[in-house]
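Okay, structure first, notes after.
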Amino acid sequence: MRASWLMVLVAAGVASWFACRPDTARHGDGDSDGDTDGDSDGDTDGDSDGDGDGDSDWAMGCSKVDILFVIDDSGSMAEEQTNLAQNFPGFIDLLEAYRTTNGTQLDYRVGITSTSRANFTYVATMTQKMGGSQCTPGSTCSNPANTCECVALGCTECTEDCPANCFCEPAGTTAPVTSTCNGEDGALIAPTGYTEPWIQGPGDHVSGAFSETAQLGTGGCGNEMPLYAAEHALSQGYMSAPTGPNFGFLRQNSLLMLIILTDEDDCSTDADRVEDTLCMDLLHPFAMTTGDAGCTDADGNDLGDVLPLDHYLTFLDGLMGGRNHWAAAVIAGETSCSTDFGDAYTAYRLKRFVEAVGTNGVFRDICEADLTQALDAALGTLTIACDEYELY
């Protein structure tokens, strides 16, 4: 099975109409296009877009932001959800204080969904052990009934190839484990009393509605799939179809801000059933791997049926019309850790996802516990993305 934690981030916008500058060549009216209007587009309407209609067809800067939170609702996320709810009002204060270059308030809305799939079954043969002292390859355990094993490689004999520490392990107990998930599958969760499943800002109501709704509980799927949830939430083939529950959330000419909060890595797959074999040392949980939650190997390479990150990058680029029309913030495990909030596992895939997003992506460590800095970083990323948003 798997664990889980938190994430959050934020955004802001800036709208600024931008006109193309003429090139430096000289021809009659000061440009090189052969007309008389002083721009460089070849027509005479003066707007520089080349279509002759007198208006400008593209602009720099965003005025609308649609923010999608994907929150881990598995068994270990209670403290993180509470922390997010407590820190969100400060984020909203900053977001609402922001003014676009024309002096208007940013038009934003917030949607919330979970990392849980619907109609998904996880079946594992699990061996649980309670290991003793740490050991090294070739060493003998003080208890002759125990053997020096590498839990990260399925409780096999400890060798130099073990990616984590070895421990003196007993035989343990083996039993089948089955978990069936019936989560949101990307459907947005409507706040109490709302007819639409999102929170439209600005306004004094936003913080309270979010803080109540974001505490999803801990009964969700132990196989966290935040990227799957984001795709299904936004895709017109799923929840955002004209008859879907999320239809209308994502607006034309809006910047999309995706915020993921989880204490485990992304295990997104389109398979409805996953079978696994696990060996776990209950006294040394991080001996299982170097920190991943089971969807990558000890070096962070994808395992099993997880969908490649390019699938989600291509989807988001196509949906939004380009990489500069969306941004992403992830709060997850930089490395494995154990804090007052609980255990977090290295989010190898999510870190690679943010790296691929580029300047519009930011990753913050959930092991820092306090979400204030993570939200500040998200807001900075959102501002940059909004500044560089091009409306065609």
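Return the residues of the stretch 177-199 that are out of contact with any Ser or Thr (no Cβ under 6 Å at 6 or more places or on another chain) and farther than 19 Å from residue 85 by Cβ; say none if nothing qualifies. The answer is 177, 178, 179, 182, 185, 187, 195, 196. Summed over the stretch 219-275, the residues that are open to solvent by less than 40 Å² (accessible area, probe 1.4 Å), closer than 23 Å to residue 371 by Cα and in a loop (DSSP other than H, G, I, E, B) give a count of 8. For the stretch 334-353, give me each residue that is farther than 20 Å from residue 307 by Cα and at pLDDT below 90. Of everything in the stretch 334-353, those that are farther than 20 Å from residue 307 by Cα and at pLDDT below 90 turn out to be 335, 336, 337, 338, 339, 340, 341, 342, 343, 344. Restricted to the stretch 97-143, and to residues there that are outside any strand (DSSP E or B) and within 23 Å of the chain's Cα centre (by Cα), the residue that is surrounded by the most Cβ atoms within 10 Å (Cβ to Cβ) is 115. Among residues of the stretch 144-158 being assigned to a loop (DSSP other than H, G, I, E, B) and out of contact with any Ser or Thr (no Cβ under 8 Å at 6 or more places or on another chain), the one that is least open to solvent (accessible area, probe 1.4 Å) is 146. Screening residue 167 on (1) touching a residue at least 60 places away in the same chain (Cβ under 8 Å); (2) crowded, with 16+ Cβ neighbours inside 10 Å; (3) farther than 30 Å from residue 133 by Cβ; (4) of a type outside the set (A, V, I, L, M) shows it passes everything except condition (3). Within the bounds of the stretch 348-355, is there any residue that is closer than 28 Å to residue 128 by Cβ, in contact with a helix residue (DSSP H, G or I) (Cβ under 8 Å, 6 or more places away or on another chain), buried (at least 20 other Cβ atoms within 10 Å of the Cβ) and not charged (D, E, K, R)? Checking the stretch 348-355: at least one residue is closer than 28 Å to residue 128 by Cβ, in contact with a helix residue (DSSP H, G or I) (Cβ under 8 Å, 6 or more places away or on another chain), buried (at least 20 other Cβ atoms within 10 Å of the Cβ) and not charged (D, E, K, R).
The values are calculated or read from the model by the stated rules, or taken from the named source; none is laboratory data. Not measured: the values here are computed from a predicted model. Ideal geometry is used to build each Cβ from the backbone, glycine not excepted, and the neighbour counts take in all protein chains shown. The protein model used for the area step is the full one, side chains on, heavy atoms only, and it has no ligands, DNA or RNA in it. Shrake-Rupley method; radii C 1.70, N 1.55, O 1.52, S 1.80 Å.
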